[in-house]
Amino acid sequence: MPRNPGMTDDTIIKMYKCDMSFKEMELLVGLSGRAIRNVMYKHEVEMNREQHSGQPRKNKVNENFFKVWTHEMAWVLGLFVTDGHMHNKLHSVYFSQKDERILRLIAKYMEAEYVLSSFGKTKTTATLIINSKEIKKDLELFGITANKSLTLPFPSIPEEYLSSFVRGVIDGDGWVGHEGYQMNVTSGSQIFAKGLLSIFRSWELKSGITEQKSQAGNPIYRIWVSGKAELLRLSEIIYKWAGTEDFIVHKRVYMTQHSGNPYLDKDCRENPMWKLVDGKIVHTPISSRISIRTNISHSLLETLRTLALENNTYVNYLIETGLDSMINKEISFHRIIKPKDRIQYKTTIDKQLLDDLKILAKNHHLFLNDLIEYSVLFINLKNVKRKRKK
């Protein structure tokens, strides 16, 4: 039988040395016990009979970690309820993160062996494996189960550690707009979504919930906070007890960029989205553009074509300046009037701008073309890109 993607000999050996039994490893690796044993023989790894029998030895981890409240524990718990996974048969829990630095920090806090695997449908997301019956039992006491996505409750968190828990939740499954005006957390559990919303509102933040359906027909809830001042207030709360490492860098940068004392750091990702210039965050231009097809007012489109001709630019460039200005303002959309002369309009748009626009549309229960038409009120001719000279 073929081994699961990402399960190299080195990974299998690390799992074994982390005290996993062959029975546990079979489910994760995708190989039979005999095949796993052959890997050990091949690399002359000394084996323990207890592991052959299926009984795991004591795993190296601080099994009291989730018994004692600290800001580090609350942050890790927030990460687990969003980006964690619990095996329904084995005494194993997994933390998945694209940022491997976060996984190393979790292992450090939990005094656990750093054993990585891959997890998810594509088997490409780095996953920290922790094998402990006690850890799994403690997480279950918080209401966390193997199939937690739709039924996860909002755990009972002491007030003192609530901000660190929410920071973990945002780091795990939160999205922060690159301009620092919007944030949302995605959850499949209505109970958890309502619990998080109540926390945001107790902090007097402008917040709400939007709902949509997944491809499988399950509800998806987005709990959002919107507005520059609101995100600054949120950042003051959740980063108050943060250390020097326990946060996702780009989310803190985006959330605090409008502060008098923003968090400044280099973007070390493969495709950097900002750079530091004279001590300030400067967003790097996004060259990727994608095609869209929508319906907008015919009369409005004619007006934009005339304006574009007069200013040596294109209609979509005009629309983008309006969208960018609109997204970065706190606006009430209750009085949007939908025209009756809409026609199909095909164009290209900046991918990041479109992503931000989709979030704004969901938060206010609007369609993209509603916002595109409304954004014309915010067009800034000084910032519009011009046609290239031939």
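A few comments on the model shown:
- Projecting the Cα positions of I170, P158, I319 onto the charge dipole of the chain (unit charges on Cβ atoms of Lys, Arg, Asp and Glu, taken about the Cα centre) puts I319 furthest along the positive direction.
- Length-normalised contact order of the range 177-220 in % [C-alpha pairs under 8 Å, at least 6 apart]: 33 percent
- Partner lysines for K42 [C-alpha distance under 23 Å; skip if fewer than 8 residues away on the same chain]: K14, K17, K23
- As a rough footprinting exposure proxy, the listed residues H43, H87 were ranked by other beta carbons within 10 Å of their own, and the order from fewest upward is H43, H87.
- Packing-based ranking, highest mean first, of 172-179, 66-73, 378-385 given that Cβ atoms within 10 Å are counted: 172-179, 66-73, 378-385
- Reported label for calculated P(r) over Cα pairs in 20 Å bins from 0, in percent given (i) 28, 62, 10, 0; (ii) 24, 48, 24, 4, 0; (iii) 28, 54, 18, 0: (ii)
- Dipole magnitude of the chain about its Cα centre (Cβ charges: Lys, Arg +1; Asp, Glu -1), debye to nearest 20: 1280 debye
- Extension gain for A146-K213 works out to 21.9 nm (0.36 nm per residue, less the C-alpha to C-alpha distance).
- Taking 0.36 nm per residue of separation and subtracting the Cα-Cα distance, full extension of the segment from E46 to F367 would add 109.4 nm.
- Where only alpha carbons of the range 159-283 are counted, the Rg and the Dmax (Å): 14.9, 49
Computed from the coordinates by the stated procedures, all read-outs in this text should not be read as laboratory data. Worth saying up front: this structure is predicted, and the values here are computed from it rather than measured. Neighbour counts are summed over all protein chains in view; Cβ atoms, including those assigned to glycine, are modelled from backbone coordinates with ideal geometry.
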